[in-house]
Amino acid sequence: MKRGIVVFVSVAALMGFNYFAAGKWAIRHRTVPLADILRDGRDVTVEVSVRRDREIQAMAEMIDLPVVILSHGNTVKHTEYSFLTNTFAARGYLVVSVQHDLSSDDPMVTKVGEEYVGRRSQYNRGIANILFTIERLKQLYPNADYRHLTLVGHSNGGDISMYFAKRHPELVKKVVTLDNLRVPFVTDGKIKILSFRSKDPQFKPDPGVVPDDETCAKVGIQVVKTEFQHNELSDRGSDQVKGFIEGAVHDFLNELGEDDSPFNMPRLSKPRPTIDQLAAAAPDR
């Protein structure tokens, strides 16, 4: 009996240690500077986040890591989405955050009346960055699944993600956007989509970007309407905002039957509040 108690306590202690480790240091973050010689040595710096145990398993050729490509919003750095990179990395993904914009790039402008308000060039550059990054990562992480990508993006990064899915649907399994405004959703039902929408008078999606409720229900697109402002959908948002988004992402992945969290690892942030709770707590604007 005593031996059984000792074993139980030891296992509980191990689980507690793993719980702590997973949230504090079990995710490895690595900055990888890349240069695309086919585009005059363009700098494409990426941050790679991966759970250490899954990285070791992949190195031992025991598994192929699922891959997330994260694209940042305009004027937001690729490193300003740590709550999302940690969420996906904790679930066993190889998360790659790409820095799309450089200080030497021309400023992004809006041209009303043109397709995607004149931003196709930025989307094509984003696609080139992602494809180049994947080819280089195949050398660093050969045991990863680059043919069933999960694309995550905020604002302009969400449009890059959706545009990539339109251009290369054979490579994309899931898309998660945070208030993309220009590129209409893929609606063939082959790609699973989760999209968070802000409640921000200054940032409204163009007509036809977000499908109507009937189309979403038919093809399985999940649209989450929030009380948040557009620029809060990153590390710049409050813990309440990040906790809500993180929780919805977990629910989305759980519904798809994807659960690779050790010991059913809990969320790294606080439990997700409801929309009603957020509305009640939000200051008057």
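Pairs under 9 Å by beta carbon, first residue modelled with pLDDT of 95 or more and surrounded by fewer than 17 Cβ atoms within 10 Å (Cβ to Cβ) in the stretch 239-267, partner part of a loop (DSSP other than H, G, I, E, B) and not basic (Lys, Arg), six or more apart or different chains?
Within 9 Å, the pairs are Asp239/Ser269.
Name every residue in the stretch 187-229 that is outside any loop (DSSP other than H, G, I, E, B) and either within 16 Å of the chain's Cα centre (by Cα) or at positive phi (or both), in order of residue number. Step through it out loud before you land on a result.
So the first thing to find is which residues in the stretch 187-229 are outside any loop (DSSP other than H, G, I, E, B), and the list is 192-197, 213-219, 222-225.
Those that are outside any loop (DSSP other than H, G, I, E, B) and either within 16 Å of the chain's Cα centre (by Cα) or at positive phi (or both): Lys192, Ile193, Leu194, Ser195, Phe196, Arg197, Gln222, Val223, Val224.
Could you tell me which residue of the stretch 168-227 is surrounded by the fewest Cβ atoms within 10 Å (Cβ to Cβ), considering only residues that are in contact with a strand residue (DSSP E or B) (Cβ under 9 Å, 6 or more places away or on another chain) and of a type in the set (Asp, Glu)?
It comes out as Glu170.
Consider the stretch 31-43. How many of its residues are closer than 16 Å to Gln139 by Cα and either among the acidic types (Asp, Glu) or assigned to a loop (DSSP other than H, G, I, E, B) (or both)? Explain how you work it out, then say what you get.
Going through the stretch 31-43, the residues closer than 16 Å to Gln139 by Cα turn out to be 31-36.
Imposing the further condition that a residue be either among the acidic types (Asp, Glu) or assigned to a loop (DSSP other than H, G, I, E, B) (or both) reduces the set to 33-34, 36.
Of the residues in the stretch 31-43, 3 are closer than 16 Å to Gln139 by Cα and either among the acidic types (Asp, Glu) or assigned to a loop (DSSP other than H, G, I, E, B) (or both).
Which of the residues spanning the stretch 45-54 are surrounded by 20 or more Cβ atoms within 10 Å (Cβ to Cβ) and touching a Lys or Arg at 6+ places or on another chain (Cβ under 8 Å)? Step through it out loud before you land on a result.
Let us first name the residues in the stretch 45-54 that are surrounded by 20 or more Cβ atoms within 10 Å (Cβ to Cβ), namely 46-51, 54.
Answer for the stretch 45-54, where residues must be surrounded by 20 or more Cβ atoms within 10 Å (Cβ to Cβ) and touching a Lys or Arg at 6+ places or on another chain (Cβ under 8 Å): Glu47, Val48, Ser49, Val50, Arg51.
Taking the stated definitions as given, is Gly113 of a type outside the set (Val, Ile, Thr), touching a helix residue (DSSP H, G or I) at 6+ places or on another chain (Cβ under 7 Å) and not in a helix (DSSP H, G or I)?
So Gly113 fails the test.
I need a count of the residues in the stretch 28-75 that are touching a Ser or Thr at 6+ places or on another chain (Cβ under 8 Å) and either over 24 Å from Asn231 (Cα atoms) or without any contact (Cβ under 8 Å) to a residue 60 or more places away in the chain (or both).
Number of matching residues: 12.
The values are calculated or read from the model by the stated rules, or taken from the named source; none is laboratory data. Quick caveat: nothing in here was measured; it's all calculated off a predicted structure. Quick reminder, even Gly has a Cβ in these numbers, built from the backbone with ideal geometry, and neighbours come from all protein chains shown.
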